[in-house]
Amino acid sequence: MTTPDPLRGWRPGRPPGPSPTHAGTPPAATTPPAAHPSGLPGRRTAFSPEAARADVPILHRTVNGHPLVWLDNGATTQKPRQVIEALAAFYGSANSNIHRGAHTMAREATEAYEEGRAAVAQFLGAPSPDDIVFARGTTEAINLVAQSWGRAHLGPGDDILVPVLEHHSNIVPWQMIAKETRARVVPVPLRPDGRIDQDAYADLLSMRTRLVALSHASNVLGTVPPVRAMTALAHRYGAKVLVDGAQAVAHFPVDVQELDADFYVFSGHKLFAPTGIGALYAKPDVLRDMAPWQGGGNMIESVSFDRTTFAPAPHLLEAGTGHISGVVGLLAALNWLTAFDRDAVAAYENSLLAYARQALAELPGLQLLGSAPDRIAVLTFTLAGHAPSQVASWLDGDGIAVRAGHHCAQPALAHYGVESAVRASLALYNTTEEVDKLVTSLQRLHAET
């Protein structure tokens, strides 16, 4: 598969770009390129799972004597060679800190970093790269919003609405800031099929509601809530909305302006990029109203013992040296993913999910959790007579990687009366043959007991 070159920012002989500013003030983010049908500039490639698999080296290894079947994409996705090569090239020929150096490599690294910011903005449909703040991932981005925006805007008697299906990273930070500000976290219940109860949500909204925090797709049930409608309703009460896109961005296109989200967060490692890098989008007026969460280098204009003045957002919220190579890898991952026809990817994943649900439903004693009509390719289940950890260990013996446990979503599992479950989560490089291997292995487990 051919993808845009993520290393062009430091190719020898490339004409020098604008020089970085000095005195600690970062340059403005690069203006994003003109829109491309696939979301980012580059060559459009017809999608097939085989084409995607060909680019991902780890999918061609064996585990316990069997070809690897990677069905743990909800925990982390595997990386295409374009991402791996981008990281190696950066460290091999361009490693430098950014924003404050006057030498060539500092300039080139800064250009690559800000090109990554522009690519994230375009990937999310954000109006400007200046609306994007880099973070370690979804968890840090949510904590950043909780500590920076939440501390300033939450107070006694205020409500934070959080659906029961949320990941712990979209529950615990709000509990922590609610305790500090004497606000309260209000759970929004689920319906039996795993959808958010929209009637209960509407009833819980009030003029006390300051924030609604909801996932764009559930990591344990696969549920895709009606985020746009829920956001519009929250805005009628003057509440802000934070959307956790960690599980969504790899599966379908996202447009934060169409959603009208005040905040949108995601992690790179669930998007075929490296670990330790993610992003926060915030509306410009909201971002301008956020105070620094951490202090240090990179986020200042000047420092003296009498007074410190800060750089404008987004750099205001990026204290210290960022994960530069992570941004390089994220840029490569975005180029790789968006070179495919994303509508074709989504259609393929939907068909693969339907195939897997039908096959698993025929297994005796297997119970699938959640049946919301709008969902991503996540299959969470229990198997009668077998602890989830036992099931996962058995599957690992056949080279099949799944996740077992509470999936950092204990309230969602409690909705179904369980504390632990098995999760098989699919991605664009998985196949029906791999689903068949999963089903065959589970059939053998059932037959032996």
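The values are calculated or read from the model by the stated rules, or taken from the named source; none is laboratory data. Small disclaimer: the values here were computed from a predicted structure and weren't measured. Please note: Cβ atoms are built from the backbone with ideal geometry, for glycine as well, and neighbour counts cover all protein chains shown. To get the accessible areas, we keep the full protein, side chains included, count just its heavy atoms, and leave off ligands, DNA and RNA. Shrake-Rupley method; radii C 1.70, N 1.55, O 1.52, S 1.80 Å.
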With only Lys, Arg, Asp and Glu charged, each at its Cβ (+1 for the first two, -1 for the last two), find how big the charge dipole of the chain is about the Cα centre; round to the nearest 20 debye. 520 debye
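Apply the a/c threshold of 1.5 to the C-alpha gyration tensor of the range 183-333 and tell me whether it is rounded, prolate or oblate.
oblate
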At a 10 angstrom cut-off on C-beta neighbours, averaged per residue, how do the peptides 435-446, 104-115 rank from highest to lowest? 104-115, 435-446
Net +/- balance of residues flanking THR432 in space, Cβ distance below 14 Å, scoring K and R +1, D and E -1: -2
With all protein chains present, calculate the accessible area of MET207 using a 1.4 Å probe and round the result to the nearest 10 Å². 130 Å²
Estimated vicinal HN-Hα couplings, Hz - the range 138-153 in sequence order (Karplus 6.51, -1.76, 1.60; Gly, Pro = x): 4, 4, 5, 4, 5, 4, 4, 5, 4, 7, 7, 6, x, 4, 7, 10
Charge tally in the Cβ shell below 12 Å around SER96, where Lys, Arg are +1 and Asp, Glu are -1, SER96 excluded: 0
Dipole-positive endmost among SER215, ALA332, ASN64 within the chain (Cβ charges, Cα centre): ALA332
By average Cβ neighbour count within 10 Å, what is the ranking of 73-82, 351-360 from highest down? 73-82, 351-360
Please give me the summed charge of the neighbours of LEU316: other residues whose Cβ is under 12 Å from its Cβ, Lys and Arg +1, Asp and Glu -1. -3
Per-residue accessible area, 1.4 Å probe, largest first, puts TRP336, TRP293 in the order TRP293, TRP336
Towards the positive end of the charge dipole of the range 343-406, with charges on Cβ (+1 Lys, Arg; -1 Asp, Glu), say which of ALA356, LEU383, LEU395 has the farthest Cα. LEU383
Percent carbon-and-sulfur accessible area, the range 89-204, ignoring ligands, DNA and RNA, probe 1.4 Å: 52 percent
Give the accessible area for PHE134 in Å² (nearest 10); use a 1.4 Å probe, count only protein heavy atoms, and leave out ligands, DNA and RNA. 20 Å²
Given the options ASN335, ASN219, ASN97, state which has the largest fluctuation in a GNM of the chain using a 10 Å cut-off (strictly under) for Cα springs. ASN97
Within a Gaussian network of the chain (alpha carbon springs, distance under 10 Å), most fluctuating of ASP289, ASP306, ASP55: ASP306
Please work out how much accessible surface HIS103 shows to a 1.4 Å probe, ignoring ligands, DNA and RNA, in Å² rounded to 10. 100 Å²
Take the chain, connect every pair of alpha-carbon atoms lying under 10 Å apart with a spring to form a Gaussian network, then pick out the residue of LEU366, LEU71, LEU428 with the largest mean-square fluctuation. LEU366
